[in-house]
Amino acid sequence: MNNLSNMKSDQPFRVPEDYFENLSDRVQERIITEENPNKRLIQVLKPYFWMAASVVGILFIAKIVLINSVPSDYKIQQFSQTENTAVDTQSTSLDELNWFSDESSEATSDEIIEYLSDFDIDSESLLANL
Amino acid sequence: MNHKSDEEILELFRDKNTQSQAFSFLVKKYQERLYWQIRKIVLLHDDSDDVLQNTFVKIWKGLQNFRSDSQLFTWMFRIATNEALTFIKEKQKKYLGYSNNEVENILLANLEADPYFDGNKAQLELQKAILQLPEKQRLVFNMKYFDDLKYNEMSEILETSVGALKASYHHAVKKIESLLKLNEV
């Protein structure tokens, strides 16, 4: 019994600093989350929203890069091949721009690859324009 | 600081506009006592934190229908105890196939590794001895030895007669003393 009496005064258990200070807030937060399943669902899906937004962002940047880099090469090539007037080249370039910005005719991956290989645009020149 | 009585807190809780504030008063008033009750059963701090939060979520849900015919603290203490015991049983299921001795050693190794436990060898031996008690004796021992709860309070929480609790505590102390003697602490 002596041993037990001695040990009672010296408690070995500790808690992190400020643990009890903010426990109430954490409990309330958890209750709100449990009572609002929609909020809970949003929290679960949040990382996927970010992933989807990143993919859309990357595609948007890629599209901008293609619009800015491809038509200038294309214009030179068109000019040397057909020796058309500047007005014709400009109209061709505008057509290209329209092709890129046309919402109804989204280019497929195959079409983009074909386009890049047709005009000999390699990945280095694409990256240089990023 | 919060000096509100249980009746005042319950009154505030019944009003939707002050419900959240009332619950905050309640958590702050009882968090430490409930935490230590849970901690003595589940031992590790992180586990205790999980169990305590589950306990308060249950209290929040049940408080809407709480009848004042039993004491608020007794009712909450019972929820905390049941949550802790359920947690321990779930944990023990993970060690199905292990002997009791092996499970005790795993639990003690976890306790030793807990950064919020800084007990010496003697205190570890005491925890080891407590782990070897039957569930009811373990609860009674923790509540009496560490928290110094009165037998009539324990009787309400554990729904056991005072006589039976006294007998349980007596057996628990005898068993722990003999285990400590065996290990020469």
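Bear in mind that the values in this text are calculations on the coordinates, not laboratory data. Model, not experiment: these values are computed from the prediction. Positions of Cβ are backbone-derived with ideal geometry, glycine not excepted, and every protein chain shown enters the neighbour counts.
Structure notes:
- Between A:N36 and A:S123, the contour length at 0.36 nm per residue exceeds the Cα-Cα span by 26.5 nm.
- 12 Å beta-carbon shell around B:R14, net charge (K/R +1, D/E -1): -3
- Taking the charge dipole of chain B about its Cα centre, with +1 at Lys and Arg Cβ atoms and -1 at Asp and Glu Cβ atoms, the residue from B:L44, B:I88, B:L124 reaching farthest to the positive side is B:I88.
- Vicinal HN-Hα couplings computed from phi for region A:13-29 (Karplus, 6.51 cos²θ - 1.76 cosθ + 1.60; Hz; Gly/Pro x): 8, 10, 10, x, 4, 6, 4, 7, 5, 10, 4, 4, 5, 5, 5, 4, 4
- B:A109 paired with B:K174, simple spin-label distance in nm, labels 7 Å along Cα-to-beta-carbon: 3.5
- D_trans [Stokes-Einstein, Kirkwood Rh over alpha-carbon pairs] for chain B, 25 °C, 0.890 mPa s, µm² s⁻¹: 137
- Dipole in debye (nearest 20) - region B:90-158, about Cα centre, beta carbon charges: Lys, Arg +1; Asp, Glu -1: 220
- All other residues whose Cβ lies under 13 angstrom from that of B:K150 are scored, Lys and Arg at +1 and Asp and Glu at -1, for a net of -2.
- Within chain B, the longest run free of trypsin sites (Lys or Arg not before Pro) that sit in a DSSP loop with at most 10 other Cβ atoms within 10 Å is B:68-185.
- Whole-Hz couplings from phi, Karplus 6.51/-1.76/1.60, listed for region B:115-124; x for Gly and Pro: x, 9, 10, 10, x, 8, 4, 4, 5, 5
- Modelled FRET efficiency - R0 30 Å, B:E11 with A:D18, Cβ distances, 0.05 increments: 0.50
- For region B:161-175, 3J(HN,Hα) per residue [Karplus equation, 6.51 cos²θ - 1.76 cosθ + 1.60, θ = phi - 60°, Hz, x = Gly/Pro]: 5, 4, x, 5, 5, 4, 5, 4, 5, 4, 4, 4, 4, 4, 5
- Label point distance in nm, A:A62-B:K150, each placed 7 Å from Cα along Cα→Cβ: 7.5
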